[in-house]
1. Any idea how far the Cα center of the range 91-163 sits from the one of the range 290-337, in Å?
2. Mind checking the range 50-98 for trypsin sites (Lys or Arg not before Pro) that DSSP puts in a loop (not H, G, I, E or B) and that have at most 15 other Cβ atoms within 10 Å?
3. Pulled fully out, how much extra length does the chain show between TRP62 and GLN223, if you take 0.36 nm times their separation in residues and subtract their Cα-Cα distance?
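Just so it is clear, none of the values below were taken in a lab; they were calculated from the coordinates. Bear in mind that the values here come from a model prediction, so they are computed numbers and not experimental data. Using ideal geometry, Cβ is built from the backbone for each residue, glycine included, and neighbour counts are taken over all protein chains shown.
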Amino acid sequence: MRRGIASAPTPSSALNSRVTERASERVAGLSELRDAAGAVGGARSWGLFALKGCASAGLLAWVLFRADLVEVWSAVRSATTGWLAFAVLLVILGPAIMTMRWHGLLGTQGVHLPRRALFGSLVVAGFFRQFLPSTIGGDAVRAYDSWRAGASKSVALTVLVVDRLTGLVALLGFIVVALGFSDRMAARLPGAWGVVAIAAGGLGIAIWTMFAPASALVRLAEQAVASLPGPVRKIGEKALWAATAYRNRRGALAPALGWSVVLQLNVVTFYFAIAQSLGLGIAYHEWFVIVPIAFFVMLLPISINGIGLRESVFIFLLGAFAVTREQAVAFAWIEFGLFLLHGVAGGVWYAIRRST
C-alpha cells in the first residue's frame, strides 16, 4: 500500500510531464516541418553545398578578373544617397505587401494571425534566407510560425507553395507584356519567348491544379492514392490534400494574385531606384524584363545565395543598355548589400522575439 502511494504521480510531476510532452510535440512538429520543407525545396547535402561554393567562387573570380575594381568602387561611391534611401524604404515595404498576401491565404484556411506577427515572421525569414545557403531556412520559419498559430503542417506548407506560385505568375506576366516593348532585350534573348511560354504553361497547369482541378481527375487521384500501401498512402493523401486545398476558391486566388502584382511592382521599382542612384539611364519599363529574368536565373541552385551568378547575369542583361562591366558589378553589389542589411534587421528582430 505504501509503495502504491509512493509511486502515484503528484500534481507537480503530472504538470511537468504534460509540459515536457507538449515541448516534445512542438520540437517534433518543427522537425517534421523542416523535413517537409526540405522535401519541397530539395535536400541540401554538404557535398552539394561544396559544389555551389566552388561555382560561386569560380563565377566571382571570373567577374573580378575581368573587371576594374577601382572603377567598381568609384561607381559605388558615386551612388546618389536619396535614391538609395528610397530603395531601402522599398525593401521594408516588400514584407508588408507579402504580409497582406499571406494573411489572406491563411485566412481562407481558417488560420487567423495578426498582421504584425506575420510581418515579423517575414522579416525574420529574411535573416535566415540571407545567412543560410538556401531559401529553405526562411520558408521553415514561416511554416513553423503558421503551425504554431494553429495551422496543420499540410496547411502551413501548402500556403507557402501557393504564396510562391502567385508571385511567379505575376513575374511571368510582367515578362510577357514587357518583352513586347523592349526591342533590345528581345534581340539579346532570341529564345526568350519560347522559354517564357513553356514556363507560363507549366505554372498555369500548377495553378489550375491547385485552385480548380476537374472533379473527375480528383476522384481518379483519390482512387489511386487509396490503393497505395499504408505508409505511402499517408504521404499520398497529404500531397493530394495540398494540391486541392484551394480548389474552387477563386475568392482566395484573386486577392493573392493582386498582392503579387503589387509586390512585383515594388521589386521592379527597387531595382530601378538602384539604377537611378548609379545614373544608368535605363527606362523604367525595361526593368519589367530585366528583373524577372535576373530573378529566375538567380533561382537556379548552382551557387550560394546567387554570389557570382548575380554579378554575371547583371553584366549580361545590363550590357544591352551600354552599361559597363564595372557599373553592372557595382549595381549587383549594392543590391546584395541592401538585402544583407534587411537580413541583419531580421536577425535583430529574431533576437528580440526570442528574448520575449
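1. Taking the Cα centre of the range 290-337 as reference, the centre of the range 91-163 is 27 Å away.
2. Sites meeting the loop and neighbour criteria: none at all.
3. Here the answer is 52.6 nm.
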